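Note sheet for the following structure.
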Amino acid sequence: MKFRAKIVDAACLNHFTRVSNMIAKLAKTCTLRISPEKLNFILCDRLVGGGVSMWCELEQENFFSEFQMEGVSAENNAIYLELTSENLSRALKTAQNARTLKIKLTNKHFPCLTVSVELLSMSTSSRIVTHDIPLKVIPRKLWKDFQQPSVPDADVSIYLPVLKTLKSVVEKMKNISNHLVIEANLNGELNLKIETDLVCVTTHFKDLGNPPLASDDASRDRDPAEMAEVHVDIRKLLQFLAGQQTW
Amino acid sequence: MKSFLSIFRSLVMLEKTVEKCCISLNDRSSCLVVQLHCKYGVRKTHNLSFQDCECLQAVFNPASCPHVLRAPARILGEAVLPFPPALAEVTLGIGRGRRVILRSYQEEEAGAQVPPVPGPTDSTVKAMMTEMSIGEEDFQQLQAPEGIAITFCLKEFRGLLSFAESANLPVSIHFDAPGRPAIFTLEDSLLDGHFVLATLLELDPHSQDLGSSQLHRPVPQLQGHSTPHQDDFANDDIDSYMIAMETTVSSEGLRVLPSVTLTPGPQRHCGPGPHSEEEDNDEAEPGPVPGTPPPKKFRSMFFGSILDPIHSPQGPSPVLAEDSDGEG
């Protein structure tokens, strides 16, 4: 199993760092899947905490100037690694003023992801920071747990309002109730509702816009004003919102 | 120190209102009295009770350390940035190509040289290792062979670096073999600071890597009483003050009296001339030192004295900055 990659572009590095920060905020450990074309961050918290999972896919050529990998075998040309997400985001944090960033899979007494950053330095000499992130290689028999989740057909798809606004609203609601009702329709309207014995609070968002429907989408026949609703755990929703950076 | 520091907490307030600060010892009530004479006739008196205590005397001499490196505080400050705030110890050494390496030190369990057996232990729980490598050109002086490495407490290192950075002083690190104390010195025209840190003893003679020494319980480091103040010195009208700094090799090292009596008198240091390196306070009011606040009309006192040999305590036992269990 081999993996080496390099980022030289500051914007790509920035973007990659932000992705890593988002992952670090969502879960303590995450799975990194490396394949020839893509890099995936996968979280499946199915067993613990009521099933929050995440699948994040990065096209490697959008980020890395060099990317070489060799999977477990020719038929199974992928690598699945488990690591502490905070370690990666902390390692990338030191790369803010980097000339180049190199990542590779190494074995220093135990498998590591070695992140090596060459810093821009005032003086002539370069400064190099190296981080060895310990990780666990996930055996092939467990790979099926980390496949891309299938997103069921939706009754309603809607563009969310500015996440910052959404986050501040949900944060206030968290103090009143543990569950939140999200309802939306195909007219670009989204409501957040909480209900307790004493009080009901609803926040309305209008003119949000809906993604275009696919031609065979069953919801074409749906009355656009009709609301579809779901009940979610507020804390899980907040956890998701907290992980999103302002892009 | 906390109580003492709380008197000087607000620098802004001090600058605006305090005209004079008098520090004296009240033996009868075992109090250190700090009096701030402020504007408009306001006088604030703080009584800090103290206790006599025994102090370890660090015997050290930077000149006897074969290796030294010196760099602006900023370089070293930047070098420790990548390390996690919770990290206890760091290893400093010279790597290939005369590069200065700082590496996080992890306490290994016994027998960790062997690759750990894969099993129920979750290797993701292991800590991340971070290493910073700096080129020789960033150092003003680098006199150490490749391969040498010492391990010391990062927290104290960070502390002295933040002081050095604020005073814009270069930091010199004098060191010897692992296990021998490392001496960090700061110098400028007004002050001398020496911080002595213990280093881990390297028990494994074959360890090639930086910092792969096995754990040997480190001695609580002796910082002596040479923590320098950054304050500028005014001159004249005040009672004599004493600065505790390092002494040379022949004397018994840093002497610290548990209680110090200030004797009003002529403005000269009290101490054996040849043995001490005090500040020259006989010069005229010093000009502002870059990086320090402008000269204020008060002095700071370092709690120690350079004793006349006549008054020296009988046979102080010199203590090396090492674990008492280990061999010096």
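Taking A:Leu101 as the residue in question, decide whether it is in contact with a helix residue (DSSP H, G or I) (Cβ under 9 Å, 6 or more places away or on another chain), of a type outside the set (Asp, Glu) and more than 9 Å from chain B (Cβ to nearest Cβ).
yes
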Give the residues of segment B:97-121 that are at pLDDT 75 or above and either over 22 Å from A:His109 (Cα atoms) or more than 12 Å from every other protein chain (Cβ to nearest Cβ) (or both), sorted by residue number. B:Gly97, B:Arg98, B:Arg99, B:Val100, B:Tyr105, B:Glu107
Matching residues in segment B:126-157 - criterion: being facing chain A (nearest Cβ under 8 Å) and part of a helix (DSSP H, G or I): B:Glu136, B:Glu137, B:Asp138
Restricting to segment A:78-91, give me the number of residues that are outside any loop (DSSP other than H, G, I, E, B), more than 10 Å from every other protein chain (Cβ to nearest Cβ) and either aromatic (Phe, Trp, Tyr) or farther than 9 Å from A:Asn21 by Cα (or both). 2
Residue check, A:Val201 of a type outside the set (S, T, N, Q), surrounded by 13 or more Cβ atoms within 10 Å (Cβ to Cβ), more than 24 Å from A:Lys25 (Cα to Cα) and touching a helix residue (DSSP H, G or I) at 6+ places or on another chain (Cβ under 7 Å): yes
Answer with yes or no whether A:Phe110 is out of contact with any Phe, Trp or Tyr (no Cβ under 7 Å at 6 or more places or on another chain) and aromatic (Phe, Trp, Tyr). yes
Within segment A:164-209, the residues that are in a loop (DSSP other than H, G, I, E, B), out of contact with any Ser or Thr (no Cβ under 8 Å at 6 or more places or on another chain) and over 18 Å from A:Ala242 (Cβ atoms) are A:Asn185, A:Asn187, A:Gly188, A:Glu189, A:Asp197, A:Leu198, A:Val199, A:Lys206, A:Asp207, A:Leu208, A:Gly209
Picking from A:Ser125, A:Ser150, A:Ser121, A:Ser116, which residue would you name as being small (Gly, Ala, Ser), under 30 Å from A:Met1 (Cβ atoms) and modelled with pLDDT under 90? A:Ser150
Within segment A:1-43, work out how many residues are closer than 16 Å to A:Val72 by Cα and surrounded by fewer than 19 Cβ atoms within 10 Å (Cβ to Cβ). 7
In segment A:107-147, anything in a strand (DSSP E or B) and away from every other protein chain (no Cβ under 11 Å) is listed as none
In the set A:Lys93, A:Lys6, A:Lys38, A:Lys28, the lone residue that is of a type in the set (Lys, Arg) and more than 26 Å from B:Ala127 (Cα to Cα) is A:Lys38
Hits in segment A:149-181 - residues which are crowded, with 18+ Cβ neighbours inside 10 Å and β-branched (Val, Ile, Thr): A:Val156, A:Ile158, A:Val170
Residues that are farther than 20 Å from B:His174 by Cβ and of a type in the set (A, V, I, L, M, F, W, C): does segment B:75-85 have at least one? yes
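The values are calculated or read from the model by the stated rules, or taken from the named source; none is laboratory data. As the structure is a computational prediction, the values presented were derived from the model and not from experiment. A quick note on method: Cβ atoms are made from the backbone with ideal geometry, for glycine too, and the neighbour counts reach across all protein chains shown.
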